[in-house]
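Just below is one structure, and these are the notes that go with it.
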Amino acid sequence: MRKVKPSAWVELAVAVPWLWWSWLSVQFLGVPWRGLYWIGLAVWGVSAAAVVVHPRAEDLLAWRVYRLRPPSAWESQRLGPAWWAVCTAAGVNPDRYRAWVHEGPEASAPITPGSIVAVTSWAVYSLPPRNLEAVLAHELAHHLAMPRSLSLLLCWLTLPARLMGKAIVFCLRHHVLSILAKLIIGFLLLGVLGVWIFLGFSHYIVFMLSPFLAPFVVPWAARTQEKLADRVAVDLGYGVRLAEVFTGREFQRAHTWQNAPRPGLKGAQPLDSARLRALERLLKSAPQSGHQPPYHR
């Protein structure tokens, strides 16, 4: 049994831009009417406290925001032994967290707050027990850094920025609304640059230009979180099994002649090949133990 606790500073550093953009999103409510800003700010703060306190709020957040569901009876039979083994290796109480299922073909599920740990249906149905433990160790690593209440609070406080981002993406993809959205974004950008040129650089410029960095900062931060969780899985002794998962996915893709995805800068999940390369470097430098057999390619 190992006591592994990742640093909470990384999770807090990732949350800072989201909190900034959430506050900026609430600020925009005051554009048509200043009173709407204070109403939105009050609802934002009170609802954040309710999410932390109310016992059913976490389930609703996982169901509606992250599209998770409780496991079926057969899935519980698959997850139960693997989950207990991972929690024993991490030195945590298995009853402290709950494993829910996210429908998807990816190896990793979305990063969720609170005590609900997400695992993809692909991992539940496709992986052998030991490899399933490795994936669950990766998912558990996201929850070891911060307490449940703090992670829920940060998640809810960053929700306005996420909703604003989804609204902007929806408008840009819509064949009619995209024209209006581009005009508004262009108008705001020209206005901010005009203020910069005529009045000089100030904190207002940083305030208004920061959302334009979101398409690059957010995916980079998400990929960093995934790789740090892989590092924790290696520390728990599941590095070899996790590397086998990505090796198998690469082999399956090559066997079916599928092209590797190319998410570029905007991909939130690292490529399987990129995570495999990072795991190989970690395994070469990590001390071996009885829980983690030597890795040979």
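Given the rule -39500 (n - 2.57) for each run of at least 4 DSSP H residues, summed and divided by the residues of the chain, what is its mean residue ellipticity at 222 nm, to the nearest 500 deg cm²/dmol?
-21500 deg cm²/dmol
With +1 assigned to the C-beta of every Lys and Arg and -1 to the C-beta of every Asp and Glu, and no other charges, what is the dipole magnitude of the chain about the Cα centre in debye, to the nearest 20?
Approximately 260 debye in magnitude.
Using only Cα atoms, find the angle between the long axis of helix 34-53 and the longest principal axis of the chain, and express it within 0 to 90 degrees, rounded to the nearest 10.
Value to nearest ten degrees: 20.
Please turn the phi angles of region 13-25 into ³J(HN,Hα) values with the Karplus equation 6.51 cos²θ - 1.76 cosθ + 1.60 (θ = phi - 60°), one per residue in order, whole Hz, x for glycine and proline.
5, 5, 6, 4, x, 4, 5, 4, 6, 5, 4, 5, 4
Calculate how steeply helix 148-157 sits against the longest principal axis of the alpha-carbon atoms of the chain, using the helix alpha-carbon long axis, and give the answer as 0 to 90 degrees to the nearest 10.
The two axes meet at around 30 degrees.
What's the exposure ranking of His203, His138, going from fewest to most Cβ atoms within 10 Å?
In increasing order of surrounding Cβ atoms, one gets His203, His138.
Apply the Karplus curve 6.51 cos²θ - 1.76 cosθ + 1.60, θ = phi - 60°, to the phi angles in region 228-239 and return the couplings in whole Hz, x for Gly and Pro.
5, 5, 4, 5, 5, 4, 5, 4, 7, x, 10, x
Using C-alpha positions alone, give me the convex hull volume of region 23-127 per residue in cubic angstrom.
Once divided by residue count, the hull of region 23-127 is 133 Å³.
5 Å is the cut-off here: which amide hydrogens, built 1.01 Å from N in the peptide plane, fall below it relative to Leu236, excluding neighbours closer than 5 in sequence?
When sequence neighbours closer than 5 places are left aside, there are no close amide H contacts.
Of Val135, Val119, how do they rank once you tally other Cβ atoms within 10 Å and put the fewest first?
Ordered by Cβ neighbours within 10 Å, fewest first: Val135, Val119.
Under 5 Å between amide hydrogens, which residues at least 5 positions from Gly91 or on another chain qualify, with H placed 1.01 Å from N in the peptide plane?
Arg2
Considering only lysines 8 or more places apart in sequence, or on different chains, count the pairs in the chain whose C-alpha atoms sit under 25 Å apart.
Qualifying lysine pairs in the chain: 10.
Across region 126-141, in residue order, what do the Karplus-derived ³J(HN,Hα) couplings come to in whole Hz, using 6.51 cos²θ - 1.76 cosθ + 1.60 with θ = phi - 60° and x for Gly and Pro?
So the J values, rounded to whole Hz, are 9, 8, x, x, 5, 6, 5, 4, 5, 5, 5, 5, 4, 5, 5, 4.
When mean projected area of the Cα convex hull in nm² is calculated directly from the model, which label among [x] 16.9; [y] 18.6; [z] 24.2 fits?
Given [x] 16.9; [y] 18.6; [z] 24.2, the structure-derived one carries the label [y].
Near the amide H of Ala99, under 5 Å away, which other amide H atoms are found, from residues 5 or more places off or on another chain, if H is placed in the peptide plane?
Those qualifying (amide H under 5 Å, at least 5 residues apart or on another chain) are Val117.
Neighbouring Cβ atoms within 10 Å as the yardstick, rank Ser151, Ser72, Ser115 fewest first.
Arranged by neighbour count, lowest to highest, Ser151, Ser72, Ser115 become Ser72, Ser115, Ser151.
Beyond 12 Å, what percent of the Cα pairs of region 114-159 remain?
65 percent
All of the numbers you see were taken from the coordinates with simple rules; none came from a lab. The structure displayed is predicted, hence computed values, not measured ones. Note that we place each Cβ from the backbone using ideal geometry, even for glycine, and neighbour counts take in every protein chain shown.
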